[in-house]
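Written out below as structure tokens is the structure these notes cover.
The values are calculated or read from the model by the stated rules, or taken from the named source; none is laboratory data. From a predicted model like this one, the values you see are computed outputs, not experimental measurements. Quick reminder, even Gly has a Cβ in these numbers, built from the backbone with ideal geometry, and neighbours come from all protein chains shown.
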Amino acid sequence: MKILHVVPSFYPATYWGGPIWSTKAICDGMAARVGVDLRVLTSDAAGPVIGDRVKPVKLPYRVHYARRLAGHCIAPGLLARLPGAIQWADIVHVTGTYNMPTLPAFVLARAMGKPLVWSPRGALQATAEWPDAPRLRIKRGFEQLANLLRPRGAVLHVTAAQEARASVHRLGDMACAIIPNAVDVPRDIPAHRAAGAQRRLMFLSRLHPKKGLEVLFEAMAQLPARFTLDIYGTGEAAYVRTLQMRAKLSNGRIKLHGHVEGADKAAAFASADLFVLPSHSENFGIVVAEALAHAVPVLTTQNTPWHDLDRHGCGRCIDLPHSELAAEIAALAAGDLAAMGQKGRDWMRRDFSTAKMVAGFGDLYRCLHGQGYQEAIA
């Protein structure tokens, strides 16, 4: 089975956050299967600045990084290779929304009769749920075109039921496959910090208004001085400067550390008592899973799919518009954070393994290649 992934940017373009890691994990897992030939067609965009280009690393499958010339991923070389790549493939998997490769891939896959999976990675959900989402009229036009151009029988891949509902609300009736993202659970983690008066809060994600950072800054102003906040991630330069200016007014209680990954990310989790993600919209929120995998309990919002945090005893999922974030943080931080973290780690190990995610995609691809997803679930 020949599988083509068409994606605006790909590993090691980790600036773009969780979807980069998730898409790579899918590709890694599927490419390791017997009888699968997998290729990736993408741009070389490593960040928002045109000159930010990825430095390709050796991977066990073919990845072509077309040179970006403008925008997020406007890469003429990608378009030039697209017809031949889709002709080669048995299955076409398009990741991303509101960007250049999506609609041309739809047109070509439909013209060539190729089965197609579309992973919007939360963009449709964010547009539906976040009132301040930018360029709403342009996005609505894109969605209408996508509905007209996508292949009949295309399957929308979503990571949670909440994303499915919001996405179908934007697009209309479309088959959905719910396959959650996976998280790597470290074999060993440092011993949990000894209980004390100080509470170290942690935020890690793309720095963007939809992540609720303004609300988190306001909460920090209301919390006692023993609460500190470490912020990890990058974003648009002007927005980051605004956050840095606000952090300077906190007397050292709020610190921005920039992008982290690998051992530095693990160290960041190891130094945290509570992970806080007050997001206005998340299709999955892989950072929540990562925090739990490192035994850090989580406080997030009902705009994420992590409503089971309370049930599993590893955090809290709040209705942000009708909650006092500072009070919620203080109440959760007063509990046994170490015990909560261990429960979260056990949950991740049990239900969010990479093997389980890859098996889900393997089943989906086989259905599409063999008889079509609609017929398979009928």
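Residues satisfying the criterion are present in segment 232-242 (criterion: part of a loop (DSSP other than H, G, I, E, B) and either on the phi < 0 side of the Ramachandran plot or assigned by TED's automatic domain parsing to the domain that holds residue 18 (or both)).
Quick grid of which residues meet (1) of a type outside the set (Val, Ile, Thr); (2) closer than 19 Å to residue 341 by Cα; (3) surrounded by fewer than 17 Cβ atoms within 10 Å (Cβ to Cβ); (4) without any contact (Cβ under 8 Å) to a residue 60 or more places away in the chain:
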{"residue": "216", "(1), (2), (3), (4)": "yes, no, no, no"}
{"residue": "232", "(1), (2), (3), (4)": "yes, no, no, yes"}
{"residue": "244", "(1), (2), (3), (4)": "yes, no, yes, yes"}
{"residue": "271", "(1), (2), (3), (4)": "yes, yes, yes, no"}
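For segment 192-203, the criterion of a residue being surrounded by 13 or more Cβ atoms within 10 Å (Cβ to Cβ), in contact (Cβ under 8 Å) with a residue 24 or more places away in the chain and of a type in the set (Gly, Ala, Ser) is satisfied by no position. Going residue by residue through segment 246-266, is there one that turns out to be more than 29 Å from residue 189 (Cα to Cα), part of a helix (DSSP H, G or I) and either in contact (Cβ under 8 Å) with a residue 12 or more places away in the chain or aliphatic (A, V, I, L, M) (or both)? Within segment 246-266, one or more residues are more than 29 Å from residue 189 (Cα to Cα), part of a helix (DSSP H, G or I) and either in contact (Cβ under 8 Å) with a residue 12 or more places away in the chain or aliphatic (A, V, I, L, M) (or both).
Summed over segment 328-370, the residues that are over 16 Å from residue 198 (Cα atoms) and among the hydrophobic types (A, V, I, L, M, F, W, C) give a count of 13. Can you confirm whether residue 295 is modelled with pLDDT of 95 or more, assigned to a loop (DSSP other than H, G, I, E, B) and not assigned by TED's automatic domain parsing to the domain that holds residue 161? Yes. The listed residues are 327, 289, and the only one of them that is part of a helix (DSSP H, G or I), among the small types (Gly, Ala, Ser) and surrounded by fewer than 16 Cβ atoms within 10 Å (Cβ to Cβ) turns out to be 327.
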